[in-house]
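Report on the structure given below.
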Amino acid sequence: MISYETRIGSVCFTENFLSKLIGHAVTSCFGVVGMMPHNPRQRVFGLLSKDPALDTGIKVKGNADSIDVELHIMVNYGMNITAIAASITEKVKYVVEDSTGITVNKVIVKVDGIKE
């Protein structure tokens, strides 16, 4: 949980909330087919679940000052991966900073699959 104090009170964000916020932003980017699981627990959950979860393939580390985000994605065949990664990076930074006020230090985009 990431929390910080303001003059009015404390603000707390769970990593689950941040993962879902980031997952929604990433899946809406052009060229992204979906998220790929990054650990065995997410793979098993993906096999058992009918609908893919928005927080699949996302790792969030950090504190109230800044966070680091690691993404595992699947892209469409024939797309410019560099352009997709740059678009995702900018969108994730904008959405997180605009919604929460937390600075995104870095975004690591890992392409784990290509769909034809």
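Every read-out reported here was derived from the displayed coordinates using simple, explicitly stated rules and does not represent laboratory data. These numbers were taken from a predicted model, which means no experiment stands behind them. Here Cβ is always computed from backbone atoms with ideal geometry, including for glycine, and neighbour counts include all displayed protein chains.
Which value in Å does the Kirkwood hydrodynamic radius of region 55-116 take, with 1/r averaged over all unlike C-alpha pairs and then inverted? Kirkwood radius, region 55-116: 12.3 Å. Around the Cα centre of the chain, unit charges on the Cβ atoms of Lys, Arg, Asp and Glu (plus for the first two, minus for the last two) sum to a dipole of about 240 debye. Its DSSP H runs of at least 4 residues, each contributing -39,500 (n - 2.57), put the calculated 222 nm mean residue ellipticity of the chain at -11500 deg cm²/dmol, to the nearest 500. Dividing the convex hull volume of the alpha-carbon atoms in the chain by its residue count gives 101 Å³ per residue. Once both labels are positioned 7 Å from their Cα atoms along Cα-to-Cβ, the gap between residue 11 and residue 28 label points is 1.9 nm. Based on alpha-carbon centroids, what's the gap between region 1-30 and region 95-114 in Å, whole number please? First find each Cα centre; the distance between them is then 11 Å.
Electrostatic bookkeeping for residue 106 treats Lys and Arg as +1 and Asp and Glu as -1; over the other residues with beta carbon under 15 Å from its beta carbon, the sum is 0. Each Cα pair under 8 Å and six or more residues apart adds its sequence gap; the mean of these over the residue count of region 2-115 is a relative contact order of 29 percent. When each full DSSP H helix of the chain is screened for a Cα extent of at least 27 Å along its own axis and an average Kyte-Doolittle hydropathy of at least -0.5, the helices passing are 81-100. With the simple spin-label model, which puts each label point 7 Å out from Cα in the Cβ direction, the residue 112 to residue 80 separation comes to 2.7 nm.
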